[in-house]
1. What does the extension gain come out to for residue 61 and residue 42, with contour length at 0.36 nm per residue minus their alpha carbon separation?
2. With a point put 7 Å past each Cα toward its Cβ, work out how far residue 80 is from residue 51 in nm, to one decimal.
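Derivation of every value follows stated rules applied to the coordinates shown; laboratory data play no part. Source: prediction; values computed, not measured. Neighbour counts are summed over all protein chains in view; Cβ atoms, including those assigned to glycine, are modelled from backbone coordinates with ideal geometry.
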Amino acid sequence: MTMGILDEIGAVAGQNMDKTKVAGGLLQALEQHPGGIGGLLNTIRGNGMEDHVNAWASGQQTTATPDQVQQAVGGTGIIERTAEHAGVSPAVVTMAMTTLLPMVVQHFAPNGNAAPQSQFGGLAQQLLSRIL
């Protein structure tokens, strides 16, 4: 299932890229994000996507459009930091995050409760190992 999602990311982004780069870049950016995944979730919820976060946290594959992603995380710098870490454009990151955000929320914030930042590194490695 995960490989299908990654193939979809590559197709949506319209580029022949290493599909793990964006996921890895996002995880690196989240490690540096103020408040970590919990801070990002609070921002997303506060920007009108609480229903999406709740659905993702419960394992539902509710999709978000690139415009919704931009609205939800725009101004946090997460898109730009992810692009920098991944070596791709912010537009590619925004497109990929339509699929990655649900995976990240489900993995790092099951039932809507963000994992402690101290556990982030280990959980990130687990998620990346599933993507690879």
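1. Values: separation 19, 0.36 × 19 = 6.84 nm, distance 1.95 nm.
4.9 nm is the gain from fully extending residue 61 to residue 42.
2. 3.1
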